[in-house]
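The values are calculated or read from the model by the stated rules, or taken from the named source; none is laboratory data. A quick note: this is a predicted structure, and the numbers were derived from the prediction, not measured. Note: ideal-geometry Cβ built from the backbone for every residue, glycine included; neighbour counts use all protein chains shown. Calculation scope for accessible area: heavy atoms of the full protein, side chains included, ligands and nucleic acids excluded. Shrake-Rupley method; radii C 1.70, N 1.55, O 1.52, S 1.80 Å.
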Amino acid sequence: MNDNVLEKLKVLAESAKYDVSCSSSGTVRKNKAGGLGNTVGGMGICHSFTEDGRCVSLLKIMLTNFCIYDCAYCINRRTNDIRRATFTVQELVELTIEFYRRNYIEGLFLSSGVINNPDYTMERMVRVVKDLRTVYRFNGYIHMKSIPGASQELISEAGLYADRMSVNLEIPTEAKLKLLAPEKDHRSVYKPMRYIQIGMQQSIEDRRKFRSAPRFVPAGQSTQMIVGATNEKDKDILRVSSILYQQTQMRRVYYSGFIPVNSYDNRLPALKQAPLVRENRLYQADWLMRFYQYRADEIVDDAYPDLDLEIDPKLAWALRHPEAFPIDINKADYAMILRVPGIGVKSAQFIVMSRRHGRINASQLKKIGVVMKKAQYFITCNELPMYTVNEATPEYVRKILTEPKKKKIDDKQLSILFPD
């Protein structure tokens, strides 16, 4: 690697770190004779996680950090005085291959600023992933960002080589996006999302007829929203996420706590650090929508427009609806068991399966993996006392579950505090 490429790598890897939507889950492709890499390789540097929990390494890089846009929240905005660099297509392809051969990475996450126009940038990104697949026969995981406003032809070609594609929504509402990024609009983001969805649907139909038909974006598409740069409520954010999951076959929505990189811009809030707790609660709420059969308007509504930062959204819903509890763990349906705090998807499935062979008691629930500290207030079974959320009151249950644990002092610590 020559000094010029190394210098570009330092600049463009630093510029890429603010994009969090890089999960390498959802695709399986083994290496072939004469090929290079695979998506199911061994453990690597902890950059991303697959659906089965493995940690994989990705080269997270930008093609360029030059950009024609002047978005208030972006470090790479046009008016910022920062170091700029641009890889050639060949430089980036060779860099990826050399990193893989040295076992530094298992895949590529490619994004870019926009130079000249969206199609000009997208065309060069497509050439990178195409050369990796066709010239170097690289079978590793590739996540490629789609440039808002790019043509359907380029997106359709990119989808044949990338495992996952993503288009960042950035700001949840159009009005706030126009405030912070006047040159952008949501239409330019939703159009490529739709193109990707069309390609995925067509690929499914083709593969039903011809098993050898090429796969299109097999790991699906994702997007990212910035949390805290504008004053939207959590209700607004989750409503948008819910629509994306329902209408665009979105695989994952990422929530990125706003990092104040351009503190001089008075359109941005004066935050000292990213709202990480809020970000975490949004991920938990998102999980409820995707796997626990909750609707967005059940988690947050007009009465409770923001998520509770002190407790997780599942517990918050249960405490707001004590009338739904307690449930008999041996009789309740699967959907209701999923709503019990302390019971996850796998535990709920195991409960439904196990009770076919006999009644379940408290000790069995613990073995299954139920967090009894939470669940005991919302369920009944043979061995559990009838001291539920209704008898204890939601306020008391909340207090018990949120009070800090008292540290136990062992004999050694006592001897130090109170020597003879």
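So which residues in the stretch 84-120 are of a type in the set (D, E, K, R) and in contact with a Lys or Arg (Cβ under 8 Å, 6 or more places away or on another chain), if there are any at all? Spell out how you get there, then give the answer.
Quick first cut of the stretch 84-120, residues of a type in the set (D, E, K, R) only: 84, 91, 94, 98, 101-102, 106, 119.
Once the filter is applied, which keeps residues that are of a type in the set (D, E, K, R) and in contact with a Lys or Arg (Cβ under 8 Å, 6 or more places away or on another chain), the stretch 84-120 yields only 91.
Count of the stretch 137-162 residues, restricted to those that are touching an Asp or Glu at 6+ places or on another chain (Cβ under 8 Å) and either of a type in the set (Lys, Arg) or within 15 Å of residue 202 (Cα to Cα) (or both), is 1. Considering only residues in the stretch 318-331 that are within 18 Å of residue 292 (Cβ to Cβ) and without any contact (Cβ under 8 Å) to a residue 24 or more places away in the chain, the one that is most open to solvent (accessible area, probe 1.4 Å) turns out to be 321.
Would you please name the residue that is farthest from residue 260 (Cα to Cα), looking only at residues in the stretch 3-18 that are more than 25 Å from the chain's Cα centre (by Cα) and among the charged types (D, E, K, R)? Step by step, filter the stretch 3-18, then rank; the result is 3. Residues in the stretch 135-155 that are in a helix (DSSP H, G or I) and surrounded by 16 or more Cβ atoms within 10 Å (Cβ to Cβ): 154, 155.
Beta carbons closer than 8 Å, at least 6 apart along the sequence or on distinct chains, pair a first residue in the stretch 187-204 that is assigned by the TED database to the domain that holds residue 168 and more than 12 Å from residue 250 (Cα to Cα) with a second that is crowded, with 16+ Cβ neighbours inside 10 Å and of a type in the set (Phe, Trp, Tyr) for 199/216; 202/216; 203/216. Within this structure, residue 278 passes the test of being at pLDDT 95 or above, out of contact with any Pro (no Cβ under 7 Å at 6 or more places or on another chain), in the same structural domain as residue 182 (by the TED database) and more than 30 Å from residue 200 (Cβ to Cβ).
Residues that are more than 20 Å from residue 140 (Cα to Cα) and out of contact with any Ser or Thr (no Cβ under 9 Å at 6 or more places or on another chain) are absent from the stretch 212-223 altogether. Looking across the stretch 366-412, the residues that are modelled with pLDDT of 90 or more, in contact with a Leu (Cβ under 9 Å, 6 or more places away or on another chain), crowded, with 18+ Cβ neighbours inside 10 Å and closer than 18 Å to residue 337 by Cα come down to 374, 375, 376, 377, 379, 389.
So that you can scan it fast, the table gives a plain yes or no per residue for (1) in contact with a helix residue (DSSP H, G or I) (Cβ under 8 Å, 6 or more places away or on another chain); (2) free of Cβ contacts under 8 Å to residues at least 24 places away in the same chain; (3) not in a loop (DSSP other than H, G, I, E, B):
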{"residue": "68", "(1), (2), (3)": "no, no, no"}
{"residue": "73", "(1), (2), (3)": "yes, no, no"}
{"residue": "79", "(1), (2), (3)": "no, yes, no"}
{"residue": "93", "(1), (2), (3)": "yes, no, yes"}
{"residue": "99", "(1), (2), (3)": "no, no, yes"}
{"residue": "105", "(1), (2), (3)": "yes, no, no"}
{"residue": "116", "(1), (2), (3)": "no, no, no"}
{"residue": "119", "(1), (2), (3)": "yes, no, yes"}
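Close Cβ contacts (under 7 Å, 6 or more residues apart or on different chains) running from residues in the stretch 1-29 that are among the hydroxyl-bearing types (Ser, Thr, Tyr) to residues that are modelled with pLDDT under 75 and not in a loop (DSSP other than H, G, I, E, B) comprise 23/48; 23/49; 24/48; 24/56.
Given the options 295, 359, 339, 281, name the one that is closer than 20 Å to residue 238 by Cα and surrounded by fewer than 16 Cβ atoms within 10 Å (Cβ to Cβ).
Working: 359 fails: closer than 20 Å to residue 238 by Cα; 339 fails: surrounded by fewer than 16 Cβ atoms within 10 Å (Cβ to Cβ); 281 fails: surrounded by fewer than 16 Cβ atoms within 10 Å (Cβ to Cβ).
Answer to the check: 295.
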